[in-house]
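Coordinate-derived values only; no laboratory data. Note that the structure is predicted; figures quoted are calculated from it, not measured. As a convention, Cβ positions derive from the backbone with ideal geometry for all residues, glycine included, and neighbour counts pool all protein chains shown.
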């Protein structure tokens, strides 16, 4: 029975994520990140970002990945400077506003 419920949940989520999607991102600051400071690799940042998003009780997203974009890498050391690492999300357009409200960008 548990397997059936889990399978049904996976199928429902996959249909949601196969529809129209939008892409947004959050730029990692040098310090003061809402998920805590992560000075190690992308896997640690992904784990911390996922935990932060989960703690916010936001709508589900389809996909999360860590990207690097040189345009967002600032050489300054102030807390509001960005590292160039982006938390990129793929989600349904109906959920976009909830993420933009907490600092994600289009």
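Counting other Cβ atoms within 10 Å as a rough exposure proxy, the listed residues 56, 46 run 56, 46 from fewest neighbours to most. Over the Cα atoms of the range 20-100, the radius of gyration divided by the Kirkwood radius equals 0.96; this is the Rg/Rh ratio.
Among 87, 66, 24, the ranking by other beta carbons within 10 Å of each residue's beta carbon, starting with the fewest, stands as 66, 24, 87.
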